[in-house]
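One structure is given below, encoded as structure tokens.
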Amino acid sequence: MRRIIALFGLIALLAASCSVTPEIVISEVKAPTYTFTLSANMDDEITKTAYANDKSFSWSVGDAISVLFHNGSTNQFFPLTAVSIEGARATFSGEITEGYVAGASDTGKYWALYPAGSHTYSKDAENPVTFNIPGSTDYTAPGTHFSANLPLCANSSNPASYTFSHMCGTYKFQFRDIDVDKVEFIVENPSRGLSGNISTTSDSSHTYLTQSGSAPESDKRISFIENVSGDKTAVFYVPYRGWHSDFQPTITLKDASTGQTLYTRTAKAAFSGDMASTVKKMVVVPPISVSGTVPSSVSLSFTEYAGEVTNPERGMMSYNRFDLTSAGPYSEKSIPQDYTGESLAFLLFYLPYYIDKDLDANALNLIQAELNRVRSAKKKAVIRFAYSDTYNKSNPQEATPSQILAHVDQLASTISDNADIIYLVQAGWLGTYGEWYYKTNNHDNSVPAYTDYYKYTVSGSTVSDLNNNHKNLLDRMLLKVPSPIQIGLRTAFYKRYYLSPSNINAWTEISSWDTGANNRLALFNDGFRGSSSDVGTFKNETDWTMWYSQGNWLAIGGELSYKSEAEFALVSNDLKDCDNSIAELKRQHWSYLHYSTSNRFMKIWYDAGRFDDIKKALGYRLVLNSVNLSFSNLNSGTSVNYSISIQNKGCAPVIYSRPFKLVLLHNGVSTAVVDNLMDVRDLAPGAAEPTVLNGSFTLPYSLTAGDQLAIWLPDADILDKGLDGIPAYSIRLANSDVTWSNGFNVLYTF
């Protein structure tokens, strides 16, 4: 350091004949110095940090470090600058005041810190080093050198050689598409200091920064000024110790020349993680500026797509049968499919080998293997378990009630572990096909059988000595099948019997999306169009009324009645008619239908060119009518008003809750501006008028040409296995002019 002392004097001596001007003497006082040189390298075990490359460290020309020297009891850090560089190794040199020698005065240890700064050392303290991080740094000023701001520390036993290691983790903020030359980046964190004099703590191998929660408010802020690079990007690094999991900053980017705010946002939650010494957290901020002329409003209208749109949790369901007839692989009667085509797969597991014994590992592994195949195919499963397909009323194949309950218990973990890809569990277990059809006395007693229960449905009838085995089975399934997965019953009567055994003609309306038994006991119809009663599915008017009403809230589906050629000839043409069948699908609110090319009903519809009409009718069908936006500009912080008109033109609602988001897309990266437009399940099928969603949101960043507005309806991802990130599990709108892109329904491109 130089200190210049200038002494100026002017003495005027006035005489009649002359004047004298004294000499002005300028003297410079400089303490004698000597040159000190050392070598520095990075700790081999910690290399994930850099200026431009996040995978390897490299010193850069102009880098400066602070090295500790002492003169008696006085300790002082002196700056040294890199003079030669070989990647992670460099030689540093600088001028040291004579009388100072390397090391600490109290311990003799050798300390060096990066980057150079106003750091201090307090001798005899347990953690003597205080690291100074400036509250504001202008990297564009003459003579300054850009630093990635990754604090490093070296504690050496050799004054000529230092090995540096990280003092904390680092958050990287990268901005793109910036249309100004110079920016100021401001980070504010209310919970802990970011700048100022920061204390340290050491263990046997490293020294770490310890930001304080009681730091002055002025130190809970840090800012940087930097030139924007040629590719319109700017990168900033903010040091923060990973064990302090309370970094929830507000970040602001400004045009450094004009002070205009380009972007501002507050984190919704604190960052967390074991970010002790690496750049593990990267925050990539979307674009900064708008290109072109900005309109004040956008009005969009959309057209319904004429054909079928494949969507999750609805549509045609592929049939897959598996017979576990021994403690080995599936029997030759198995019909495993490739799970191609529609979004649902029906898995029907027959377990005759286990009718009198517990399931073994082989059975559980085979069942899990099929669920794995469903997951790999990006589909969801409807599951049923049964013991026999024997159509024999006098001798049905069925396990005892206690054995059935044991099987339900054994399968509980498999179902729970795969709950995210299970659409529905049909009640199963009892009678032929697991449809509670032709049951043993274990499950009959005085309970009305499937074929003659109509005898007991007189209004106000009481059945006093009902067998509890039916109720126990449903109790156990409701307990073991995780909510909100619904459980399908073959007829409406069995649901009424379970919920109101003393008055089997009584039933309760469903009026909300609840998870009680009434909301979780769904219905399935495996006799559709087989007769005027769907082959006994509906025995009286109570059945029809209940089914039509509750179908607005339940997962309804099943299969067409199977008829021989002679039987099919006797079926009325009204039942075979495609338009009549679609109307009945809508009244019953069908979400799924077993696909079979051998079924005669399906074949005549296919031959008539009506198969796609049947597919299109099943389940929900969300159609966007219009979107209107109004705003003053497209800069960060602007309020945008929206109005969205949408209808459900399908047979059924969306059965399970899922996010319904309005998002902005930049280079495929989404930012939600409305987290939940509404409960998508409330888009009731067949509503006469569309649902209109009105509201507003604040632009989280300034838009640029190419950014897109989209509706995103991802999977609820209840097990957090990443289903929300898989496009096949997101709902696609049934519009011809809405672009489907990686799971997003793109409405508009700016």
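The values are calculated or read from the model by the stated rules, or taken from the named source; none is laboratory data. Not measured: the values here are computed from a predicted model. Glycine also receives a Cβ, built like all others from the backbone with ideal geometry; neighbour counts cover every protein chain displayed.
Any idea how many residues of the stretch 162-179 are modelled with pLDDT under 80 and either among the hydroxyl-bearing types (Ser, Thr, Tyr) or not assigned by TED's automatic domain parsing to the domain that holds residue 109 (or both)? The qualifying residues number 2. Would you check which residues across the stretch 498-537 are surrounded by fewer than 23 Cβ atoms within 10 Å (Cβ to Cβ) and among the aromatic types (Phe, Trp, Tyr) and list them? Listed by number, the residues that qualify are 498, 507, 513.
This table checks each residue for (1) more than 36 Å from the chain's Cα centre (by Cα); (2) among the aliphatic types (A, V, I, L, M).
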site	(1), (2)
353	yes, no
361	no, yes
365	no, no
373	no, no
378	no, no
389	yes, no
408	no, yes
414	no, no
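Considering the stretch 486-535, and only residues there that are of a type in the set (Asp, Glu) and in contact (Cβ under 8 Å) with a residue 12 or more places away in the chain, the residue that is farthest from residue 592 (Cα to Cα) turns out to be 509.
For the stretch 563-603, the candidate set comprises residues that are closer than 19 Å to residue 347 by Cα and either in the same structural domain as residue 343 (by TED's automatic domain parsing) or among the small types (Gly, Ala, Ser) (or both); within that set, the residue that is surrounded by the fewest Cβ atoms within 10 Å (Cβ to Cβ) is 598. Output the residue which, of all residues in the stretch 397-411 that are part of a helix (DSSP H, G or I) and aliphatic (A, V, I, L, M), is surrounded by the most Cβ atoms within 10 Å (Cβ to Cβ). Only one residue fits best here, namely 404.
Tell me which residues, restricted to the stretch 57-85, are loosely packed, with under 15 Cβ neighbours inside 10 Å and either out of contact with any strand residue (DSSP E or B) (no Cβ under 9 Å at 6 or more places or on another chain) or of a type in the set (Phe, Trp, Tyr) (or both). Passing the criteria: 72, 73, 74. Is there a residue being touching a residue at least 24 places away in the same chain (Cβ under 8 Å) and under 39 Å from the mean Cα position of the chain (by Cα) anywhere in the stretch 537-546? The answer is yes, given that some residue of the stretch 537-546 is touching a residue at least 24 places away in the same chain (Cβ under 8 Å) and under 39 Å from the mean Cα position of the chain (by Cα).
Here the condition is being surrounded by 18 or more Cβ atoms within 10 Å (Cβ to Cβ), of a type in the set (Ser, Thr, Tyr) and assigned by TED's automatic domain parsing to the domain that holds residue 130; of 157, 191, 195, it holds for 195 alone.
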